């Protein structure tokens, strides 16, 4: 019996080693999250959820991130497809520049946006003509979110398109499909999983954004800014429950998304 | 050379590269760190003080962290950060938030003394592209700020001392200019949940609601007065209520206001005291802060759980010395000379001597 177990463990030593190593990382992620959620009593969490200011800010985070992600899809997917299918001088440079918003300190990103979309600058003036303002407005939150999180979507979609066999597109073309039909019927569906993954990443990263939004739009306040304001104005005791509620809601959304993508994968 | 050796060399190089920072901190960096948490408005002078102090003490590495004044104290009392020196833009915060709060796991308070060591004044920062920059002066500023094409920035009174002091200044302006509508015209319609003023026994109390959210484009609110400066630079706002030291050090134009309202002068302590700012935090039971108008006085203390109390005392000593005061004066932060202790008996011995 013991011999059998040892033999079994021996055969599985790679799996076991990796499991142990992975466990360290899992604990590293789960313990702080768990501590955060359980630092507030259920009744405090419930009261926090009943707080209109908290609900408004979480809802604002969720829907501005959705709008940002929609813009990301509309502009990012065509760019990703172009980059996946064409090479041109300076392509590497363009691809590196796309990643820059991820590494730029986000307060600096916010300031950079202010100097383009501010009311005294070109883009700001142009949008002003159609009544869109960016300082302390929903549009400001959205552009800040797009700037810092769209690289995740572009990169993921590009990888997805690169993995689509170009011969399939060529076959479709020889069978009489137009380039548009080929894109929508062949390339896009085959790359959908990567695009979906990138979309979720972009949306999630948008919700967590703080620095760039803070510079452009402190009010109305998204959830991350409300956490900061409560911390500054009222102390840790009042900031933690807001953070916990935000974490719980995002966990629910993430689990739901994984569940649905897993189901569609099985079909 | 074989492929395998090549790879081994590469791996070794990578490992060496990863270990480099550890080696560095282990060998060459033997300096003692001196964590100092200061009010955002004191960052400029602090950096100059740091440079001079480190020149005098090459074995010490002053590490500066800046926050709004209330948050400076919370870093220690709530987030349990260990700091050697705390500097706030409102001295009254130290007794209010530290004298009665005990260090976790003991019955000792976080602090039991502080020194008043510098002053400042409140006014308006602006740039040469601000609307009406050529016209604004000491007697018409509140008229200019209420013009429809002028946007104004103010720090969040719930977070930054510069914010509640700006409210005080505007309320004091009413008697100074004999015009009872100034506060109402500036802020009456600017917030979703209005700020109200009540008068009792000659004391005007400004009530700040627990949710402070500007309405419309005319007023911008930021958690820290320094962040208003980005908005000023980009032309989003034309004027920002700011401390003189900050505006001057960072190269902005600064409109000085009369001493009756700029909270700079101890000669006007009594009239400043006729204005109060009260935070109406109904749901947030822990504190109901109330601030009485008084001259702006910066306070410094050494928390009782400071990791290096002796070096901290040496730094405070330097701060209130002639040398330190010269640096403050140069950075438009008028020193209080000599510095005053509110509770001289509790001072560390090193500082007692100097004050005598």
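None of the figures in this text is laboratory data; all of them are computed from the coordinates on show. As the structure is a computational prediction, the values presented were derived from the model and not from experiment. Heads up, the Cβs are rebuilt from the backbone with ideal geometry, glycines too, and the neighbour counts pull from every protein chain shown.
Relative contact order of chain A, please, whole-number percent, based on alpha carbon pairs below 8 angstrom and at least 6 residues apart.
Details: 266 pairs, mean separation 75.2, N = 267.
Relative contact order of chain A: 28 percent.
Annotation: the residues A:173, A:263, sorted from fewest to most other C-beta atoms within 10 Å of their own C-beta, follow the order A:263, A:173. Hey, what angle do you get for helix B:3-27 against the long axis of chain B, alpha-carbon based, 0 to 90 degrees rounded to 10? Long axis of B:3-27 versus the principal axis of chain B: about 60 degrees.
Under the shape rule built on the C-alpha gyration tensor, where the axes satisfy a ≥ b ≥ c, the range B:45-125 is oblate, since a/c reaches at least 1.5 while a/b does not exceed b/c. Across chain B, Cα pairs under 8 Å and at least six residues apart give a relative contact order of 25 percent.
Remind me, relative contact order of the range B:122-292 in percent, using alpha carbon pairs under 8 angstrom and six or more residues apart?
On the way: 314 pairs, mean separation 59.4, N = 171.
The value is 35 percent.
Sort the range B:177-304 into rounded, prolate or oblate with this rule: let a ≥ b ≥ c be the square roots of the eigenvalues of the Cα gyration tensor; rounded if a/c is under 1.5, and if a/c is not under 1.5, prolate when a/b is larger than b/c, oblate otherwise. Cα axes put the range B:177-304 in the rounded bin. The angle between the Cα long axis of helix B:161-176 and the main principal axis of chain B comes to about 20°, on a 0 to 90 degree scale. Only helical runs count toward this figure. For chain B, summing -39,500 (n - 2.57) over DSSP H runs of n ≥ 4 and dividing by all residues gives -9500 deg cm²/dmol at 222 nm.
In peptide B:146-157, how many Cβ atoms from other protein chains are near each Cβ within 10 Å, on average?
On the way: counts 0, 0, 0, 0, 0, 2, 0, 0, 0, 0, 5, 1.
Average per residue, whole number: 1.
Per-residue mean of foreign Cβ neighbours for B:229-241 is 4 (Cβ atoms of other chains, 10 Å radius). Counting only other chain Cβ atoms within 10 Å of each residue's Cβ, the peptide B:165-175 averages 0. Helix B:43-56 versus the longest principal axis of chain B: what angle, 0 to 90°, nearest 10, using Cα atoms? The angle comes out near 40 degrees. With neighbours defined as other Cβ atoms within 10 Å of a residue's Cβ, the residues A:36, B:43, B:97 order from fewest to most as A:36, B:43, B:97.
Checking the a/c ratio against 1.5 first, then a/b against b/c, what shape does the Cα gyration tensor give for chain A? Please list the in-between numbers first.
Working: a/c = 2.06, a/b = 1.03, b/c = 2.00.
Oblate is the answer for chain A, as a/c is 1.5 or above yet b/c matches or exceeds a/b.
For a quick check: sort B:162, B:170, B:176 by the number of other beta carbons within 10 angstrom, fewest at the front.
Details: B:162 30, B:170 24, B:176 17.
Going from sparsest to densest Cβ surroundings: B:176, B:170, B:162.
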